[in-house]
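Single-structure report; data block below.
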Amino acid sequence: MKARNAQGKLQKTLTGGVPIALAGASLIALGSGALWWPAKSMLCVSDLHLGKSERYARAGGATLPPYQTQGTLLKLESDLDAYPASTVICLGDSFDHPQAPSELAKDDRLWINRLQAGRDWIWIEGNHDPGPLDIGGSHRTTLSVHPLFFQHIAAPDHNGDIMGGEVSGHYHPKARLKTAARTVSRACFLLDRQRLILPAYGTYTGGLHSNHSQLQALMGAGAVAVLTGKTPQIIPMPRSGTDR
């Protein structure tokens, strides 16, 4: 595939992960932003936003680097090589707009089909891609796999004791971390007793800092952030008025 090797811009990268638990399920938050559930052989990713750079270019907006779609697919392929999932859940906003699946380059569509081969591939409905996707796999509004419940946007009134641990995306959470040299901002998972919010998996997707009021209202006391990257780590979730 030409795009995957163009000028050496796309390279496979492998990251580790940190173990976390939700509603009794033992999970691994990967440095890539994916969630691995070993007991179910399940990989979950959220907010790929495939086709975003093409939409921006059409609208005359900010020019994003090329190969945005291919970069995201290569990262997903790397994770599936390292974590051979039998089930993949794409947790909404997999495509940046409803027409993006039909506008995919032929090579990219074939690439997705190859990743889907031999796997139960589930597209969860997002606010950017609300309709069924004609690109293989199955389409769901929500999904329950005991003891977890998957949906695109966290429900403020979710009761984990009754419904199980909620896994969602949508907000593209980020957190700041101060080091001796500087302050860095990384995409992150947010985790409390009853819910887990995944970071955006797609490249060039931006994000919402974890001390934003919307995320503060969703996450309970004792919530933590799991920073992504080559060395993922857990920190207390920064709270309003803080700049960790």
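No value in this document is a laboratory result; all are computed from the given coordinates. The structure presented is a predicted model; accordingly, all values stated were derived computationally and were not measured. Cβ placement follows ideal geometry from the backbone for every residue including glycine, while neighbour counts extend to all protein chains displayed.
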(message) So, R0 is 22 Å and r is the distance between the beta-carbons of residue 216 and residue 180; what FRET efficiency does that work out to, to 0.05?
(response) 0.20
(request) Under 1.5 on a/c is rounded, so check that first for the range 51-209, then, if it is not, pick prolate when a/b is larger than b/c and oblate when it is not; a ≥ b ≥ c are the square roots of the alpha carbon gyration tensor eigenvalues. (result) oblate
(request) List the residues whose amide H sits under 5 Å from the amide H of residue 209, counting only those 5 or more places along or on another chain, with H placed 1.01 Å from N in the peptide plane. (result) 174
(message) Can you give me the long-range amide H partners of residue 50? Hydrogens built in the peptide plane at 1.01 Å from N, cutoff under 5 Å, separation of 5 or more residues or another chain.
(response) 95, 96
(request) Treating the angle as unsigned and between 0 and 90°, give the value, to the nearest 10°, between the Cα long axis of helix 68-82 and the longest Cα principal axis of the chain. (result) 70 degrees
(message) Run lengths n ≥ 4 of DSSP H only: what is the helix-derived mean residue ellipticity at 222 nm for the chain, with -39500 (n - 2.57) per run over all residues, to the nearest 500?
(response) -5500 deg cm²/dmol
(message) Charges on Cβ only, +1 for Lys and Arg, -1 for Asp and Glu, centred on the Cα centroid of the chain; of 229, 168, 74, which one is farthest towards the dipole's positive end?
(response) 229
(request) Mind listing the long-range amide H neighbours of residue 154? Cut-off is under 5 Å, sequence gap 5 or more, other chains count too, H placed in the peptide plane at 1.01 Å from N. (result) 169
(request) Would you mind ranking 138, 213 so that the residue whose beta carbon has the fewest other beta carbons within 10 Å leads the list? (result) 213, 138
(request) Give the relative contact order (percent, whole number) for the range 94-145; include only Cα pairs under 8 Å separated by 6+ residues. (result) 41 percent
(request) Express as a percent, rounded to the nearest 5, the fraction of DSSP beta bridges in the chain (both residues included) that run antiparallel. (result) 60 percent
(message) Taking the Cα centre as origin and putting +1 on Lys and Arg beta-carbons and -1 on Asp and Glu beta-carbons, what dipole magnitude results for the chain, to the nearest 20 debye?
(response) 880 debye
(message) As I understand it, the dipole of the chain uses +1 on the Cβ of Lys and Arg and -1 on the Cβ of Asp and Glu, about the Cα centre. Which of 206, 117, 184 lies farthest toward its positive end?
(response) 184
(message) Give me the percent relative contact order of the chain, please, defined on Cα pairs under 8 angstrom at least 6 residues apart.
(response) 20 percent
